[in-house]
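Trainee: Okay, handing you the structure first.
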Amino acid sequence: MIRETHQILGDSAGTSHELTMIRFRPDQPTAKIYLQAALHADEQPGMLVLHHLITRLEQAKKKGLLKAEIVLLPLVNPLGMTHLAFGTHRGRYHPVNAMNYNRHWPDLDALIHQDSEDLSHVFSNNPDENQRLIRQIVKSKLEAQTPVTALERLRHMVMMEAYDADMVLDLHCDDDALNHIYIVPQLMPDYQDLSDWMGSAATMTAEDSGGGSFDEVWPGLWIKLARRYPNVAWPKPVLSATLEYRGLDQVAEEMNKQDADNLYQFLVGRGMIDDHPLTPPSAPPALPLTALEYLRADRPCLMIYHLPLGSIVQKGDVIAEMLEIEGEGAFTTKRPLKAGTDGVLFALNLTKLAWPDHIVAKIAGRQPLEGKGVNLLSD
Ligand SMILES: [Zn+2]
């Protein structure tokens, strides 16, 4: 196991941020796997999952079972760890520019064609060679960049590590939720085993969620290249997904250890680790992200949830009541919050106070909903 500690110069004078990478590298790696957690720095379950995965990988390395290089960044966003204020920690948005840390990641296809190059003459009939070539170009384009801010330096370092990975897994969590996954549709159902091993209550697909999230960068490059150069031999898109490990408070030794064991078994099943393969219980098939219903409060209220996570609901079912806390109905009137679609209730809120437009529940439906627009993510 190799521990790499990088210093990222901060934006404020006299500060820097520490980024730790843990690397396992067999002599002849057959692939590269990149895992990160806490990009939203206030989401800690993934950190503990990766801690346990590191322990499993150390054992596998000692036994000579590792086939792939595996690099783990259990705290990929040290910038977001600095937001301690008023007795609490926030880590979702960058205070300097209010940007969500998991938005506005670059489009690599656009990056390598930024000067309108036509690369069609450089490709061969070999998809692996074409992949190597594209990765070299991506690398050279990244190396030519000069990041200026601490956030740009961090992103640059992360991209320089992830650009040549064959699997890129980004561990997050929701507020109060069951395990679920966001992934591009081109990877499903090929990676149903990832959903199965994670025990994903809802696996939701969108090629472009409208937010430029980290997981869409990696398969997106190959999907766009295949469209741009349809006659070239391309490899399958790189596996990448956002793995949502339940809710903010779901940091627990045994539970997250089991999550790590499951992730380990997924890698075994994919031939990345030469250990005994097991069979996972099956998870539901993937559904389009456009079928995800966000239920929102319309005024300040107190949420009284009636249905637990995992409830299978039908349109019109009452999920919660909203106790009014101002005006004529304050503290006497409760209004029902009803499901607007059929599906599984997979996310609620830990904090029961709600306000206008605040998302208070999520249902993974089966049918695409109308009026979703281009931005399919919550914020
Ligand atoms: Zn997140």
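The values are calculated or read from the model by the stated rules, or taken from the named source; none is laboratory data. Predicted model, so just to flag it, every value in this text is computed and none were measured. Glycine also receives a Cβ, built like all others from the backbone with ideal geometry; neighbour counts cover every protein chain displayed.
Trainee: Tell me whether segment 138-149 contains one or more residues that are more than 20 Å from residue 101 (Cα to Cα) and either in contact (Cβ under 8 Å) with a residue 40 or more places away in the chain or in contact with a His (Cβ under 6 Å, 6 or more places away or on another chain) (or both). Lay out the reasoning, then the answer.
Mentor: Within segment 138-149, the first condition is being more than 20 Å from residue 101 (Cα to Cα), and the residues that meet it are 138-141, 143-144.
Cutting the leftovers down to either in contact (Cβ under 8 Å) with a residue 40 or more places away in the chain or in contact with a His (Cβ under 6 Å, 6 or more places away or on another chain) (or both) gives us 138.
Looking for residues that are more than 20 Å from residue 101 (Cα to Cα) and either in contact (Cβ under 8 Å) with a residue 40 or more places away in the chain or in contact with a His (Cβ under 6 Å, 6 or more places away or on another chain) (or both), one finds at least one in segment 138-149, hence yes.
Trainee: Among the residues of segment 26-42, count how many are more than 16 Å from the ligand (Cβ to nearest atom) and either closer than 17 Å to residue 263 by Cα or surrounded by 15 or more Cβ atoms within 10 Å (Cβ to Cβ) (or both). Let's see the steps before the verdict.
Mentor: Taking segment 26-42 and keeping what is more than 16 Å from the ligand (Cβ to nearest atom), we get 26-34.
Then keep just the ones that are either closer than 17 Å to residue 263 by Cα or surrounded by 15 or more Cβ atoms within 10 Å (Cβ to Cβ) (or both); that gives 26, 29, 31-34.
Total satisfying the criteria: 6.
Trainee: Do we have residue 136 as more than 16 Å from the ligand (Cβ to nearest atom) and either outside any helix (DSSP H, G or I) or surrounded by 21 or more Cβ atoms within 10 Å (Cβ to Cβ) (or both) here?
Mentor: Numbers: more than 16 Å from the ligand (Cβ to nearest atom): yes; either outside any helix (DSSP H, G or I) or surrounded by 21 or more Cβ atoms within 10 Å (Cβ to Cβ) (or both): no.
Spelling it out, it is not the case that residue 136 is more than 16 Å from the ligand (Cβ to nearest atom) and either outside any helix (DSSP H, G or I) or surrounded by 21 or more Cβ atoms within 10 Å (Cβ to Cβ) (or both).
Trainee: Condition test on residue 247, is it modelled with pLDDT under 95 and within 25 Å of residue 173 (Cα to Cα)? First the steps, then the outcome.
Mentor: Details: modelled with pLDDT under 95: no; within 25 Å of residue 173 (Cα to Cα): yes.
Here the answer is no, as residue 247 does not meet what is asked.
Trainee: For segment 281-318, which positions are farther than 30 Å from residue 258 by Cα and of a type in the set (A, V, I, L, M, F, W, C)? Let's see the steps before the verdict.
Mentor: Step one: of segment 281-318, the residues farther than 30 Å from residue 258 by Cα are 290, 295-304, 314-318.
Across segment 281-318, the qualifying residues are 295, 297, 301, 302, 303, 304, 318.
Trainee: As an exercise: evaluate residue 370 against (1) over 30 Å from residue 31 (Cβ atoms); (2) touching a residue at least 12 places away in the same chain (Cβ under 8 Å); (3) surrounded by fewer than 16 Cβ atoms within 10 Å (Cβ to Cβ) and give the number of the one condition it does not meet.
Mentor: Residue 370 satisfies all of (1) over 30 Å from residue 31 (Cβ atoms); (2) touching a residue at least 12 places away in the same chain (Cβ under 8 Å); (3) surrounded by fewer than 16 Cβ atoms within 10 Å (Cβ to Cβ) except (2).
Trainee: So, one more: Go over the candidates 328, 321 one by one and state the one that is outside the structural domain of residue 209 (by TED's automatic domain parsing) and out of contact with any strand residue (DSSP E or B) (no Cβ under 9 Å at 6 or more places or on another chain).
Mentor: Values: 321 fails: out of contact with any strand residue (DSSP E or B) (no Cβ under 9 Å at 6 or more places or on another chain).
Going through 328, 321 in turn, just one is outside the structural domain of residue 209 (by TED's automatic domain parsing) and out of contact with any strand residue (DSSP E or B) (no Cβ under 9 Å at 6 or more places or on another chain): 328.
Trainee: Also, I was wondering about something else. Whether any residue in segment 259-274 is modelled with pLDDT of 95 or more, within 16 Å of the ligand (Cβ to nearest atom) and not small (Gly, Ala, Ser) is what I want to check. Give the derivation first.
Mentor: Our first condition is that a residue be modelled with pLDDT of 95 or more; within segment 259-274, this holds for 259-274.
Then keep just the ones that are within 16 Å of the ligand (Cβ to nearest atom); that gives 259.
Add one more test, that the residue is not small (Gly, Ala, Ser), and what stays is 259.
Yes, segment 259-274 contains a residue that is modelled with pLDDT of 95 or more, within 16 Å of the ligand (Cβ to nearest atom) and not small (Gly, Ala, Ser).
Trainee: Hey, any hits in segment 168-177 for a residue that's within 16 Å of the ligand (Cβ to nearest atom) and farther than 20 Å from residue 74 by Cα?
Mentor: If we filter segment 168-177 for residues that are within 16 Å of the ligand (Cβ to nearest atom), which is where we start, we get 168-177.
Next, only the ones that are farther than 20 Å from residue 74 by Cα stay: 176-177.
The answer is yes, given that some residue of segment 168-177 is within 16 Å of the ligand (Cβ to nearest atom) and farther than 20 Å from residue 74 by Cα.
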